[in-house]
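The values are calculated or read from the model by the stated rules, or taken from the named source; none is laboratory data. All values reported here derive from a predicted model rather than from experimental measurement. Neighbour counts run over all protein chains shown; Cβ positions are idealised from the backbone, glycine included.
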């Protein structure tokens, strides 16, 4: 059994603590909210995120990064993408080359357009050459916490590392597949959130399954074009980290990003929608970064462009849909 530091005590971090704790690993969970330390360590529940699930005794929480990281063999980061760099900078004094670094964050850094594994490598490079893997795929936190059968992907250019994480994380209800295409896996996990907001907009506007099917199909095309342009493989986007995660996030009622889109389609204001929840909808920030990355590679991503207009430039959802439908006709 391994000692694992999980950095981030939101829904996904808590669900992973449950899943890995069930395997008997020793889990140290870093939480930002101080009140959660007592809740987790004494009541055995995360009072803010997934409070209905009891955490096993092997899960211990702390607000101190150095305490959580002490003795850790695997460091699993589950923080919002816009906090990834700052968190790794804070962790760096407590990290060492023998630690295996795994990112479960789905996003693109807005300022640099870097993927999370690239951010991790950039921060740790002055100190040591990090061994980095990423996990992604169709995985609602609540269902993982409940123990519903779930399949995800672990990707790393270090094949030995990918197989090690696959072995240590997989269990009766969580199955990991390995992949060497880090760029494809990370971009699939990030960009699907943008498409999920668009899917929510369609639902909020009252559109049916024709609209959803068209959106998911063309959204996958956008995701694939960007991933390939950034060095990813087309087949990766046809798998769990691409099509699988896209289907889940565009159709599932538990999807935060879809929920944001639904409320936008119903006439809600983004500031009110975001202000009304503790949960992070990664797609809101990822949309602008995705569009900037597409422009960098001279790619056309019309759904992403329209969602950026709705989210950040005051465009009405109906106008965005109209412009998508009236684009120049072309071959598929």
(request) Would you mind telling me which numbered condition in (1) crowded, with 17+ Cβ neighbours inside 10 Å; (2) within 24 Å of residue 8 (Cα to Cα) residue 253 fails? (result) (1)
(request) Only residues in the range 140-167 that are on the phi > 0 side of the Ramachandran plot count as the first member; pair them with residues that are outside any helix (DSSP H, G or I), Cβ under 9 angstrom, at least 6 apart or cross-chain, and list the lot. (result) 147/172; 147/173; 147/174
(request) Any chance you could count how many residues in the range 242-293 are farther than 18 Å from residue 206 by Cβ, touching a residue at least 40 places away in the same chain (Cβ under 8 Å) and in a helix (DSSP H, G or I)? (result) 20
(message) Filter the range 61-80 down to the residues that are part of a helix (DSSP H, G or I) and touching a helix residue (DSSP H, G or I) at 6+ places or on another chain (Cβ under 6 Å) and list them by number.
(response) 65, 66, 69
(message) Please go through (1) out of contact with any strand residue (DSSP E or B) (no Cβ under 7 Å at 6 or more places or on another chain); (2) without any contact (Cβ under 8 Å) to a residue 40 or more places away in the chain for residue 30 and return the number of the only condition it doesn't satisfy.
(response) (1)
(message) Going by what's in this entry, would residue 124 be described as in the same structural domain as residue 27 (by TED's automatic domain parsing), within 20 Å of the chain's Cα centre (by Cα) and either closer than 30 Å to residue 259 by Cβ or surrounded by fewer than 23 Cβ atoms within 10 Å (Cβ to Cβ) (or both)?
(response) no
(message) For the range 180-223: of the residues being over 17 Å from the mean Cα position of the chain (by Cα) and under 26 Å from residue 156 (Cβ atoms), which is surrounded by the fewest Cβ atoms within 10 Å (Cβ to Cβ)?
(response) 180
(message) Step by step: first the residues of the range 8-46, then only those that are part of a strand (DSSP E or B) and in contact with a helix residue (DSSP H, G or I) (Cβ under 6 Å, 6 or more places away or on another chain), then the one that is surrounded by the fewest Cβ atoms within 10 Å (Cβ to Cβ). Which residue is that?
(response) 28
(request) Could you identify the single residue in 256, 278 that is within 19 Å of the chain's Cα centre (by Cα), over 12 Å from residue 197 (Cα atoms) and modelled with pLDDT under 95? (result) 278
(message) Given the criterion closer than 27 Å to residue 254 by Cβ, touching a residue at least 12 places away in the same chain (Cβ under 8 Å) and buried (at least 17 other Cβ atoms within 10 Å of the Cβ), identify the matching residue among 115, 131, 85.
(response) 115
